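Read the structure below first, then the notes.
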Amino acid sequence: MTAIASISTMTVHLPPRRPHPMAFGGGGMGRYVIVTVQADDGTCGYGEATTLVDWGGDYGRYYGESAEISSLVINTLLAPVLLGRNPLDIEAAVAAMDRAVKGYPYAKAALDIAIHDLAGKLLGVPVYQLLGGKARDAVPVAHSIGILDDETVLYEASAAVEEGAMTIKLKIGLDRDRDIRVVKAVRREVGPSVEIVADANQGYATTKEAISVVHKIEDCNLRYVEQPVEGIDRLREVRQAVATAVVADESAWSARDVLEIVRAEAADGVSIYTTKPGGLARAKQVAAVAQAAGLFANVNGSGETGVGNAANLHLAVSSTAIGEPCVIPVTRRSGEPSTQIFGAMYNDDIVVSGMTLKEGCIVVPDGPGLGIEIDLEQVERLRVR
């Protein structure tokens, strides 16, 4: 029987192309824990903890992790319960991690992704086959723009559309007057055929304020507004008062969270991550509940490297419920002919080659496992010591 022989971690830092401020902060993006899970035959699987310390769920129900915290949890609490296990028994591995320590979904996600990558390589199949097969070949990308000055936002939106973006996601939630002004200006800039979504990251202090803002931008024909307030009850109040669809993000970490959202009739859709529920296996459960309840869904990333982004792609293409444009980077390497603005979070990466972009969509890698190859020399250059 093939067994997990070793688990190691390293932290890397990718300098961002430009800042990406959000209502909660978001200043810690760009620092990642890369996990290597090696089998006794020498085959390696790779995973990623996309750590954020200033982000979390409703009222402290969930919270972020730093790279140091994720690494410590992986090396001292999670690795010991995985060593010697069969990497093909993924559900057993995930259950063992949940028994070992409560919480810490970022650390668990990194190991879950690495085990999926390893299992796919051992079986010679892409990860999406381990997740139920491929529902589509490519994932549409929404270009996300942080809370920046008006001129930069308009330039980014226009440039991204020129490069093929069909959906623009605008961060809002700090200043209602600025939010209304920017959303209206972007709609004028990109025209009626480009979709616009607005994400407040729980930024509005009251439902009254959130409802007022949404009412004033509904003439911009938004695809949806995401998490305008904190809490499922207040999310329901907003949804009942506006015509625009409402998406839950910070309120929807686990499959059980989505059940609560459905019972409360608090949202029309949910944002699914590989990190929030603790990896691909649990993310598929979130997608299953959303699908059963008739909620639409997307995969929302946190500016992952090519490792975490590959996991995002395999999750998205393996779930019929995930049909919305996804907020994931267009992974690229320095010097490659690729986008300059559209989906470009960083100017370089730790994978050997970037993703294939076609008509505003990223094509899922078809190689074994995640379908990516790590550039070990690049990892050493970007490694945080």
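What spacing in nm lies between the two simple spin-label points modelled at Lys208 and Tyr63, each 7 Å away from Cα in the Cβ direction?
Calculated label separation equals 3.1 nm.
State to the nearest 20 debye the size of the charge dipole of the chain about its Cα centre, where the only charges are +1 on K and R beta carbons and -1 on D and E beta carbons. Spell out each step's value before the answer.
Values: 36 positive and 49 negative charges, 88 e Å.
For this selection, approximately 420 debye.
Give the peptides 161-168, 5-12 in descending order of average Cβ contacts within 10 Å, highest first.
Details: 161-168: 20.8, 5-12: 17.9.
Ranking the peptides 161-168, 5-12 by packing returns 161-168, 5-12.
Whole angstrom only: what separates the Cα centroid of the stretch 323-385 from the Cα centroid of the stretch 303-321?
11 Å
Which order, highest average first, do 93-100, 234-241 follow once you tally other Cβ atoms within 10 Å for each residue and take the mean per peptide?
Values: 93-100: 17.5, 234-241: 19.8.
Ranking the peptides 93-100, 234-241 by packing returns 234-241, 93-100.
Which shape class, rounded, prolate or oblate, goes with the stretch 101-159 when its Cα gyration tensor gives a ≥ b ≥ c as root eigenvalues, a/c under 1.5 marks rounded, and past that a/b bigger than b/c marks prolate? Intermediate results must be reported in sequence, preceding the final value.
Working: a/c = 4.01, a/b = 1.78, b/c = 2.25.
Oblate, because a/c is 1.5 or more while a/b does not exceed b/c.
With everything on Cα atoms, drop me the angle between helix 150-162 and the longest principal axis of the chain, reported from 0 to 90° to the nearest 10.
For helix 150-162, the angle is close to 60 degrees.
Using the structure shown, list the pairs from Lys102/Lys208; Lys102/Lys358; Lys208/Lys284; Lys121/Lys169; Lys108/Lys134 with a Cα-Cα distance above 32 Å, or answer none.
Numbers: Lys102/Lys208 36 Å; Lys102/Lys358 41 Å; Lys208/Lys284 34 Å; Lys121/Lys169 35 Å; Lys108/Lys134 24 Å.
Check vs 32 Å cut-off fails for Lys102/Lys208; Lys102/Lys358; Lys208/Lys284; Lys121/Lys169.
Whole-Hz Karplus ³J(HN,Hα) for the stretch 318-328, in order, using 6.51 cos²θ - 1.76 cosθ + 1.60 and θ = phi - 60°, x for Gly and Pro?
For the stretch 318-328, the Karplus curve yields 8, 10, 5, 5, 8, x, 7, x, 9, 8, 10 Hz.
Quick check: the distance between the Cα centres of the stretch 85-133 and the stretch 219-282, to the nearest angstrom?
Between the Cα centres of the stretch 85-133 and the stretch 219-282 lies a distance of 26 Å.
Return the FRET efficiency for the residue pair Arg18, Ala241: r is the Cβ-Cβ distance, R0 is 25 Å, and the value is rounded to the nearest 0.05.
Working: r = 35 Å, r/R0 = 1.39.
Computed FRET efficiency for Arg18 and Ala241: 0.10.
Just to check I understand the Karplus step: with θ = phi - 60° and J = 6.51 cos²θ - 1.76 cosθ + 1.60, what whole-Hz values come out for the stretch 107-123, glycine and proline as x?
4, 5, 4, 4, 6, 4, 5, 5, 5, 4, 4, 5, 4, x, 5, 5, 8
Based on DSSP H runs of at least 4 residues, each adding -39500 (n - 2.57), what is the mean residue ellipticity at 222 nm of the chain after dividing by all its residues, to the nearest 500 deg cm²/dmol? Intermediate values should be presented prior to the final figure.
Values: 13 runs with 137 residues, N = 385.
Per the formula, -10500 deg cm²/dmol.
Ordered by residue, what ³J(HN,Hα) values in Hz, to whole numbers, does the stretch 166-180 give under the Karplus form 6.51 cos²θ - 1.76 cosθ + 1.60, where θ = phi - 60° and Gly and Pro are x?
10, 9, 10, 10, 10, 7, 9, x, 9, 9, 4, 5, 4, 4, 4
Can you give the accessible area per residue of the stretch 1-99, in Å², using a 1.4 Å probe? Could the numbers behind the result be given before it?
Values: 4060 Å² over 99 residues.
Heavy-atom SASA per residue in the stretch 1-99 reads 41 Å².
Which Cα, out of His314, Ile272, Ala287, lies furthest along the positive dipole direction of the stretch 246-334 (beta carbon charges, K/R +1, D/E -1)?
His314
Between the helical axis of 90-100 and the dominant principal axis of the chain, each derived from Cα atoms, what acute angle in degrees is found, rounded to the nearest 10?
Roughly 80 degrees, rounded to the nearest 10.
Taking 0.36 nm per residue of separation and subtracting the Cα-Cα distance, what length does fully extending Ser8 through Lys184 add?
Roughly 58.5 nm would be gained on extension.
For the chain, find the longest principal axis of its Cα atoms and tell me its angle to the long axis of helix 255-264, 0 to 90°, nearest 10.
Tilt of helix 255-264: around 20 degrees.
Using the per-residue mean of other Cβ atoms lying within 10 Å as a proxy for protection, in what order, highest first, do the peptides 311-320, 356-365, 40-49 fall? Mind showing how you got there, number by number?
Values: 311-320: 26.7, 356-365: 18.3, 40-49: 20.8.
Top of the packing list down: 311-320, 40-49, 356-365.
The values are calculated or read from the model by the stated rules, or taken from the named source; none is laboratory data. These figures come from a predicted structure and were not determined experimentally. Cβ sites come from the backbone with ideal geometry, for glycine too, and all protein chains shown count toward neighbours. For accessibility, only protein heavy atoms count, side chains too; no ligands or nucleic acids. Shrake-Rupley method; radii C 1.70, N 1.55, O 1.52, S 1.80 Å.
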